[in-house]
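To start, the structure under review is shown below, and the notes come after it.
The values are calculated or read from the model by the stated rules, or taken from the named source; none is laboratory data. None of the values given here were measured: they were computed from a predicted structure. Positions of Cβ are generated from backbone atoms using ideal geometry, with glycine treated the same way; all protein chains shown enter the neighbour counts. Keep in mind that these areas ignore ligands, DNA and RNA; they rest on the heavy atoms of the full protein, side chains included. Shrake-Rupley method; radii C 1.70, N 1.55, O 1.52, S 1.80 Å.
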Amino acid sequence: MTHKPQIKIPATYMRGGTSKGVFFRLKDLPEACQSPGEARDKLLLRVIGSPDPYQKQIDGMGGATSSTSKTVILAEPTQPDHDVDYLFGQVSIDKPFVDWSGNCGNLTAAVGAFAINGGFVAKDRIPENGTCTVRIWQANIKKTIVAHVPITNGEVQETGDFELDGVTFPAAEVQVEFMDPADGEGSMFPTGNLVDDLEVPGVGTLKATMINAGIPTIFVNAGDIGYKGAELQDDINSDPAALARFETIRAHGAVKMGLIQNIEEAANRQHTPKVAFVAKPSDYVSSSGKSIGAGDVDVLVRALSMGKLHHAMMGTAAVAIATASAVPGTLVNLAAGGGDRTHVTFGHPSGTLRVGAEAKEVNGQWTATKAIMSRSARVLMEGWVRVPGNTF
(Lines give C-alpha, C1' and ligand atoms only; values in the text may rest on other atoms or scores of the structure.)
Protein backbone atom coordinates (compact mmCIF):
# COMPACT_ATOMS: atom_id res chain seq x y z
CA MET A 1 0.00 0.00 0.00
CA THR A 2 1.27 3.47 -0.88
CA HIS A 3 0.62 6.53 1.23
CA LYS A 4 0.71 10.13 0.13
CA PRO A 5 3.47 12.14 1.84
CA GLN A 6 2.70 15.05 4.09
CA ILE A 7 2.24 18.49 2.63
CA LYS A 8 3.38 21.68 4.35
CA ILE A 9 1.44 24.92 4.49
CA PRO A 10 2.77 28.30 5.67
CA ALA A 11 1.23 29.08 9.07
CA THR A 12 1.76 31.08 12.24
CA TYR A 13 0.85 29.96 15.73
CA MET A 14 -0.29 32.95 17.80
CA ARG A 15 -1.71 33.84 21.15
CA GLY A 16 -4.35 36.53 21.21
CA GLY A 17 -5.80 37.48 24.58
CA THR A 18 -6.59 34.26 26.45
CA SER A 19 -6.78 32.16 23.28
CA LYS A 20 -4.35 30.51 20.85
CA GLY A 21 -4.85 29.63 17.22
CA VAL A 22 -3.24 28.67 13.92
CA PHE A 23 -3.21 31.60 11.49
CA PHE A 24 -3.17 31.25 7.70
CA ARG A 25 -3.10 33.58 4.74
CA LEU A 26 -5.90 32.59 2.38
CA LYS A 27 -3.57 32.56 -0.61
CA ASP A 28 -1.21 30.11 1.15
CA LEU A 29 -3.89 27.44 1.54
CA PRO A 30 -4.08 24.61 -1.01
CA GLU A 31 -6.27 25.69 -3.92
CA ALA A 32 -9.09 23.33 -2.95
CA CYS A 33 -9.18 24.95 0.50
CA GLN A 34 -9.24 28.56 -0.61
CA SER A 35 -13.02 28.46 -0.86
CA PRO A 36 -15.46 27.53 1.93
CA GLY A 37 -16.51 23.91 1.98
CA GLU A 38 -15.64 20.37 2.91
CA ALA A 39 -12.00 20.48 1.78
CA ARG A 40 -11.23 23.54 3.92
CA ASP A 41 -12.99 22.08 6.96
CA LYS A 42 -11.13 18.78 6.61
CA LEU A 43 -7.82 20.60 6.39
CA LEU A 44 -8.43 22.69 9.51
CA LEU A 45 -9.70 19.70 11.47
CA ARG A 46 -6.53 17.77 10.63
CA VAL A 47 -4.30 20.74 11.46
CA ILE A 48 -5.84 21.06 14.90
CA GLY A 49 -6.04 17.27 15.50
CA SER A 50 -9.79 16.70 15.37
CA PRO A 51 -12.03 14.84 15.67
CA ASP A 52 -10.35 13.18 18.62
CA PRO A 53 -12.39 10.72 20.71
CA TYR A 54 -9.68 10.99 23.38
CA GLN A 55 -10.32 14.79 23.46
CA LYS A 56 -6.59 15.54 23.71
CA GLN A 57 -5.74 16.64 20.12
CA ILE A 58 -2.33 14.96 20.50
CA ASP A 59 -1.92 14.57 16.72
CA GLY A 60 -2.44 18.24 15.94
CA MET A 61 -1.91 21.83 16.99
CA GLY A 62 -4.95 22.09 19.24
CA GLY A 63 -4.69 22.27 23.01
CA ALA A 64 -7.82 20.27 23.86
CA THR A 65 -9.79 23.30 25.09
CA SER A 66 -12.20 25.67 23.36
CA SER A 67 -9.60 28.44 23.87
CA THR A 68 -6.93 26.59 21.91
CA SER A 69 -8.93 24.76 19.22
CA LYS A 70 -9.06 27.72 16.88
CA THR A 71 -8.10 28.67 13.33
CA VAL A 72 -7.88 32.00 11.52
CA ILE A 73 -7.77 32.79 7.80
CA LEU A 74 -6.73 36.28 6.72
CA ALA A 75 -7.21 37.70 3.25
CA GLU A 76 -7.06 40.93 1.28
CA PRO A 77 -9.93 43.23 2.30
CA THR A 78 -13.23 42.92 0.50
CA GLN A 79 -14.56 46.13 2.05
CA PRO A 80 -13.40 49.70 1.33
CA ASP A 81 -11.32 51.45 3.99
CA HIS A 82 -10.29 48.17 5.64
CA ASP A 83 -6.90 46.52 5.81
CA VAL A 84 -7.74 42.85 6.09
CA ASP A 85 -10.55 40.27 6.09
CA TYR A 86 -10.59 38.07 9.18
CA LEU A 87 -12.38 34.71 9.10
CA PHE A 88 -12.52 32.60 12.26
CA GLY A 89 -13.13 28.85 12.51
CA GLN A 90 -13.86 27.25 15.90
CA VAL A 91 -12.81 23.62 15.59
CA SER A 92 -14.72 21.00 17.54
CA ILE A 93 -12.50 18.78 19.64
CA ASP A 94 -14.31 15.46 19.41
CA LYS A 95 -16.56 15.94 16.37
CA PRO A 96 -15.75 16.45 12.66
CA PHE A 97 -17.09 19.98 12.70
CA VAL A 98 -15.83 23.54 12.20
CA ASP A 99 -18.18 26.26 13.44
CA TRP A 100 -18.12 29.43 11.34
CA SER A 101 -21.07 31.13 13.06
CA GLY A 102 -19.21 33.66 15.21
CA ASN A 103 -16.08 35.63 15.97
CA CYS A 104 -13.22 35.14 18.44
CA GLY A 105 -12.67 38.43 20.22
CA ASN A 106 -9.46 37.32 21.90
CA LEU A 107 -7.72 36.35 18.67
CA THR A 108 -8.76 39.68 17.16
CA ALA A 109 -5.83 41.24 19.05
CA ALA A 110 -3.49 38.91 17.17
CA VAL A 111 -5.14 39.65 13.81
CA GLY A 112 -3.88 43.22 13.96
CA ALA A 113 -0.28 42.12 14.50
CA PHE A 114 -0.48 39.43 11.83
CA ALA A 115 -1.95 41.92 9.35
CA ILE A 116 1.00 44.26 9.87
CA ASN A 117 3.62 41.51 9.74
CA GLY A 118 1.92 39.90 6.74
CA GLY A 119 1.92 42.99 4.56
CA PHE A 120 -1.82 43.65 4.63
CA VAL A 121 -1.33 47.15 6.09
CA ALA A 122 0.16 49.79 3.78
CA LYS A 123 3.65 50.79 4.85
CA ASP A 124 2.76 54.48 4.96
CA ARG A 125 0.18 53.71 7.65
CA ILE A 126 2.74 52.08 9.96
CA PRO A 127 4.57 54.63 12.12
CA GLU A 128 8.22 54.20 13.03
CA ASN A 129 7.19 54.51 16.66
CA GLY A 130 3.70 54.81 18.04
CA THR A 131 0.45 52.99 17.35
CA CYS A 132 -0.79 51.47 14.11
CA THR A 133 -4.55 51.43 13.60
CA VAL A 134 -5.58 48.23 11.82
CA ARG A 135 -9.05 48.19 10.28
CA ILE A 136 -10.36 44.63 10.35
CA TRP A 137 -13.41 43.27 8.55
CA GLN A 138 -14.74 40.38 10.61
CA ALA A 139 -16.15 38.19 7.84
CA ASN A 140 -18.08 35.76 10.07
CA ILE A 141 -20.34 38.45 11.54
CA LYS A 142 -19.77 41.20 8.94
CA LYS A 143 -18.57 43.80 11.42
CA THR A 144 -15.70 46.26 11.64
CA ILE A 145 -13.14 45.88 14.43
CA VAL A 146 -10.28 48.30 14.98
CA ALA A 147 -7.05 47.10 16.62
CA HIS A 148 -4.53 49.61 17.94
CA VAL A 149 -1.18 47.83 17.72
CA PRO A 150 1.97 49.30 19.33
CA ILE A 151 4.94 49.82 17.00
CA THR A 152 8.59 50.22 18.00
CA ASN A 153 11.32 50.88 15.43
CA GLY A 154 8.90 50.11 12.62
CA GLU A 155 7.96 46.66 13.94
CA VAL A 156 5.10 45.25 16.00
CA GLN A 157 5.97 45.48 19.68
CA GLU A 158 4.95 42.28 21.46
CA THR A 159 6.75 42.59 24.78
CA GLY A 160 5.57 44.89 27.54
CA ASP A 161 4.25 45.11 31.07
CA PHE A 162 0.50 44.85 30.39
CA GLU A 163 -0.98 42.05 32.50
CA LEU A 164 -4.10 40.17 31.47
CA ASP A 165 -5.76 37.82 33.94
CA GLY A 166 -5.78 34.36 32.37
CA VAL A 167 -2.39 34.89 30.68
CA THR A 168 0.70 34.06 32.73
CA PHE A 169 3.23 36.51 31.31
CA PRO A 170 2.93 40.26 30.60
CA ALA A 171 3.07 41.63 27.06
CA ALA A 172 2.34 44.78 25.08
CA GLU A 173 -1.17 46.20 25.36
CA VAL A 174 -3.41 46.10 22.28
CA GLN A 175 -6.63 48.08 22.48
CA VAL A 176 -9.48 46.59 20.46
CA GLU A 177 -12.62 48.48 19.45
CA PHE A 178 -15.68 46.51 18.36
CA MET A 179 -17.66 48.94 16.21
CA ASP A 180 -21.45 48.64 16.17
CA PRO A 181 -21.21 45.20 17.84
CA ALA A 182 -24.96 44.51 17.88
CA ASP A 183 -26.48 42.25 15.23
CA GLY A 184 -27.06 44.40 12.19
CA GLU A 185 -29.75 42.09 10.81
CA GLY A 186 -32.09 42.21 13.79
CA SER A 187 -32.69 43.53 17.26
CA MET A 188 -29.86 43.50 19.78
CA PHE A 189 -32.41 41.73 21.96
CA PRO A 190 -33.84 39.17 19.51
CA THR A 191 -36.97 38.47 21.58
CA GLY A 192 -37.70 42.17 21.98
CA ASN A 193 -37.34 41.91 25.75
CA LEU A 194 -34.55 42.81 28.14
CA VAL A 195 -35.53 39.86 30.33
CA ASP A 196 -37.48 36.77 29.26
CA ASP A 197 -38.95 33.76 30.97
CA LEU A 198 -37.01 30.91 29.40
CA GLU A 199 -38.68 27.53 29.82
CA VAL A 200 -36.10 24.74 30.00
CA PRO A 201 -37.39 21.18 30.38
CA GLY A 202 -35.83 19.46 33.37
CA VAL A 203 -34.46 22.76 34.67
CA GLY A 204 -37.47 25.03 35.08
CA THR A 205 -38.44 28.52 34.00
CA LEU A 206 -35.46 30.88 34.24
CA LYS A 207 -35.18 34.62 33.96
CA ALA A 208 -32.85 35.24 31.01
CA THR A 209 -31.36 38.16 29.14
CA MET A 210 -30.65 37.12 25.55
CA ILE A 211 -28.49 39.56 23.64
CA ASN A 212 -26.72 39.62 20.30
CA ALA A 213 -23.76 41.95 20.75
CA GLY A 214 -20.23 40.73 20.21
CA ILE A 215 -21.62 37.23 20.13
CA PRO A 216 -25.11 35.85 20.82
CA THR A 217 -25.23 35.22 24.57
CA ILE A 218 -27.79 33.93 27.07
CA PHE A 219 -27.41 35.32 30.59
CA VAL A 220 -29.12 33.73 33.59
CA ASN A 221 -28.86 34.43 37.32
CA ALA A 222 -26.37 32.19 39.12
CA GLY A 223 -28.69 31.75 42.09
CA ASP A 224 -31.53 30.49 39.90
CA ILE A 225 -29.42 27.49 38.85
CA GLY A 226 -27.82 26.77 42.21
CA TYR A 227 -24.53 28.66 41.88
CA LYS A 228 -22.88 31.65 43.54
CA GLY A 229 -21.13 33.11 40.51
CA ALA A 230 -17.67 32.56 42.02
CA GLU A 231 -17.18 29.05 40.63
CA LEU A 232 -13.95 27.94 38.99
CA GLN A 233 -13.53 25.57 36.04
CA ASP A 234 -13.43 22.29 37.95
CA ASP A 235 -16.59 23.19 39.87
CA ILE A 236 -18.52 23.01 36.61
CA ASN A 237 -16.46 20.95 34.18
CA SER A 238 -16.10 18.00 36.55
CA ASP A 239 -19.90 17.71 36.77
CA PRO A 240 -21.35 16.02 33.65
CA ALA A 241 -24.91 16.63 34.85
CA ALA A 242 -24.21 20.36 35.19
CA LEU A 243 -22.71 20.53 31.69
CA ALA A 244 -25.76 18.75 30.30
CA ARG A 245 -28.06 21.26 32.01
CA PHE A 246 -26.12 24.18 30.58
CA GLU A 247 -26.29 22.69 27.09
CA THR A 248 -30.05 22.27 27.50
CA ILE A 249 -30.36 25.91 28.57
CA ARG A 250 -28.20 26.95 25.62
CA ALA A 251 -30.23 24.95 23.11
CA HIS A 252 -33.60 26.26 24.27
CA GLY A 253 -32.25 29.80 24.40
CA ALA A 254 -30.94 29.45 20.86
CA VAL A 255 -34.41 28.50 19.66
CA LYS A 256 -36.00 31.44 21.48
CA MET A 257 -33.38 33.78 19.97
CA GLY A 258 -34.24 32.49 16.50
CA LEU A 259 -30.73 31.19 15.87
CA ILE A 260 -31.95 27.65 15.26
CA GLN A 261 -35.33 26.17 14.41
CA ASN A 262 -35.28 23.20 16.74
CA ILE A 263 -33.29 21.82 19.66
CA GLU A 264 -31.51 19.20 17.57
CA GLU A 265 -29.76 21.89 15.50
CA ALA A 266 -27.82 23.08 18.56
CA ALA A 267 -25.37 20.19 18.21
CA ASN A 268 -24.16 21.65 14.89
CA ARG A 269 -23.90 25.18 16.26
CA GLN A 270 -21.57 24.73 19.21
CA HIS A 271 -19.80 28.10 19.04
CA THR A 272 -22.95 30.20 19.33
CA PRO A 273 -24.84 31.18 21.35
CA LYS A 274 -22.84 31.30 24.57
CA VAL A 275 -24.48 30.72 27.94
CA ALA A 276 -23.34 32.60 31.03
CA PHE A 277 -24.47 33.14 34.61
CA VAL A 278 -24.17 36.33 36.64
CA ALA A 279 -24.18 37.30 40.31
CA LYS A 280 -23.60 40.32 42.51
CA PRO A 281 -19.98 40.85 43.65
CA SER A 282 -18.52 38.64 46.36
CA ASP A 283 -15.04 37.67 47.53
CA TYR A 284 -13.39 34.68 45.86
CA VAL A 285 -9.99 33.25 45.01
CA SER A 286 -9.17 33.00 41.31
CA SER A 287 -7.70 29.94 39.62
CA SER A 288 -4.20 31.43 39.98
CA GLY A 289 -4.65 31.90 43.73
CA LYS A 290 -5.23 35.64 43.45
CA SER A 291 -7.76 37.04 45.93
CA ILE A 292 -10.57 38.99 44.28
CA GLY A 293 -12.53 41.25 46.61
CA ALA A 294 -16.18 42.16 46.20
CA GLY A 295 -15.07 45.78 45.92
CA ASP A 296 -12.77 44.95 42.99
CA VAL A 297 -15.60 44.18 40.57
CA ASP A 298 -19.07 45.35 39.58
CA VAL A 299 -20.45 41.90 38.80
CA LEU A 300 -19.43 38.24 38.66
CA VAL A 301 -19.76 36.38 35.36
CA ARG A 302 -19.00 32.80 34.38
CA ALA A 303 -19.42 31.70 30.75
CA LEU A 304 -19.32 28.40 28.90
CA SER A 305 -17.69 27.89 25.52
CA MET A 306 -18.00 24.74 23.42
CA GLY A 307 -19.69 22.95 26.30
CA LYS A 308 -17.17 23.76 29.05
CA LEU A 309 -16.71 26.59 31.54
CA HIS A 310 -14.13 29.01 30.12
CA HIS A 311 -10.95 29.48 32.15
CA ALA A 312 -11.25 33.27 31.85
CA MET A 313 -13.64 35.04 29.47
CA MET A 314 -14.14 34.95 25.74
CA GLY A 315 -13.47 38.36 24.19
CA THR A 316 -16.76 38.40 22.31
CA ALA A 317 -18.64 37.41 25.46
CA ALA A 318 -16.91 40.30 27.26
CA VAL A 319 -18.44 42.59 24.63
CA ALA A 320 -21.85 41.05 25.34
CA ILE A 321 -21.32 41.52 29.09
CA ALA A 322 -20.32 45.17 28.74
CA THR A 323 -23.15 45.94 26.33
CA ALA A 324 -25.77 44.24 28.50
CA SER A 325 -24.45 46.06 31.56
CA ALA A 326 -24.96 49.38 29.73
CA VAL A 327 -28.69 48.71 29.24
CA PRO A 328 -30.71 49.37 32.43
CA GLY A 329 -32.88 46.41 33.39
CA THR A 330 -30.92 43.48 31.95
CA LEU A 331 -29.82 40.74 34.31
CA VAL A 332 -26.19 41.82 33.90
CA ASN A 333 -27.06 45.45 34.62
CA LEU A 334 -29.13 44.53 37.67
CA ALA A 335 -26.42 42.24 39.08
CA ALA A 336 -23.95 45.11 38.61
CA GLY A 337 -26.14 47.42 40.68
CA GLY A 338 -28.42 48.83 37.99
CA GLY A 339 -28.48 52.30 36.46
CA ASP A 340 -26.58 53.82 33.57
CA ARG A 341 -22.97 52.82 32.97
CA THR A 342 -20.40 53.11 30.20
CA HIS A 343 -18.02 50.44 31.48
CA VAL A 344 -18.01 47.39 33.71
CA THR A 345 -15.37 45.46 35.60
CA PHE A 346 -16.37 41.84 35.99
CA GLY A 347 -14.89 38.92 37.85
CA HIS A 348 -14.20 35.69 35.96
CA PRO A 349 -12.44 32.45 37.01
CA SER A 350 -8.94 33.80 36.29
CA GLY A 351 -9.41 37.30 37.70
CA THR A 352 -11.00 40.53 36.49
CA LEU A 353 -11.53 42.42 33.24
CA ARG A 354 -12.68 45.97 32.55
CA VAL A 355 -14.61 46.60 29.33
CA GLY A 356 -16.19 49.79 28.06
CA ALA A 357 -19.42 49.90 26.08
CA GLU A 358 -21.81 52.47 24.68
CA ALA A 359 -25.47 51.67 24.11
CA LYS A 360 -28.42 53.87 23.20
CA GLU A 361 -32.14 53.50 22.68
CA VAL A 362 -33.50 54.63 19.33
CA ASN A 363 -37.20 54.42 18.54
CA GLY A 364 -37.71 51.96 21.36
CA GLN A 365 -34.88 49.68 20.23
CA TRP A 366 -31.56 49.36 22.03
CA THR A 367 -28.37 49.24 20.01
CA ALA A 368 -24.66 49.25 20.82
CA THR A 369 -22.35 51.75 19.18
CA LYS A 370 -18.99 50.56 20.44
CA ALA A 371 -17.25 48.25 22.90
CA ILE A 372 -13.61 48.63 23.91
CA MET A 373 -11.21 46.32 25.71
CA SER A 374 -7.48 45.80 26.08
CA ARG A 375 -5.80 42.52 25.19
CA SER A 376 -2.31 41.41 24.21
CA ALA A 377 -0.91 39.17 21.49
CA ARG A 378 2.27 37.35 20.62
CA VAL A 379 3.69 35.16 17.86
CA LEU A 380 4.51 31.77 19.38
CA MET A 381 5.85 30.00 16.30
CA GLU A 382 5.97 30.58 12.58
CA GLY A 383 6.86 28.45 9.61
CA TRP A 384 4.82 25.58 8.20
CA VAL A 385 2.20 23.22 9.52
CA ARG A 386 2.13 19.72 8.04
CA VAL A 387 -0.79 17.44 7.27
CA PRO A 388 -1.04 14.08 5.47
CA GLY A 389 -1.52 14.53 1.72
CA ASN A 390 -4.81 12.62 1.73
CA THR A 391 -6.42 14.98 4.27
CA PHE A 392 -8.81 16.68 1.83
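Take each of the peptides 238-249, 345-356, 308-319, 270-281, average the number of other beta-carbon atoms within 10 Å over its residues, and list them starting from the highest.
Ranking the peptides 238-249, 345-356, 308-319, 270-281 by packing returns 308-319, 270-281, 345-356, 238-249.
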TODO: For the chain, with a Gaussian network of springs between Cα atoms less than 10 Å apart, report the residue from G105, G16, G293 with the top mean-square fluctuation.
DONE: G293
TODO: Express the carbon and sulfur contribution to the solvent-accessible surface of the stretch 264-375 as a percent, rounded to the nearest whole number, probe 1.4 angstrom.
DONE: 47 percent
TODO: Would you mind working out the accessible area per residue for the stretch 285-340, using a 1.4 Å probe, and quoting it in Å²?
DONE: 27 Å²
TODO: For every other residue with a beta carbon closer than 12 angstrom to the beta carbon of A242, add +1 if it is Lys or Arg and -1 if Asp or Glu, then tell me the sum.
DONE: -2
Open item on the list: Give the lysines whose C-alpha is closer than 25 Å to that of K143, dropping any in the same chain fewer than 8 places away, or say none.
Closed with: K20, K27, K70, K123, K256, K274, K360, K370
Task: Cα shape, the stretch 127-194, gyration tensor, a/c 1.5 rule - done: oblate
Task: Solvent-accessible area per residue, Å², over the stretch 1-157 with all protein chains present [probe radius 1.4 Å] - done: 43 Å²
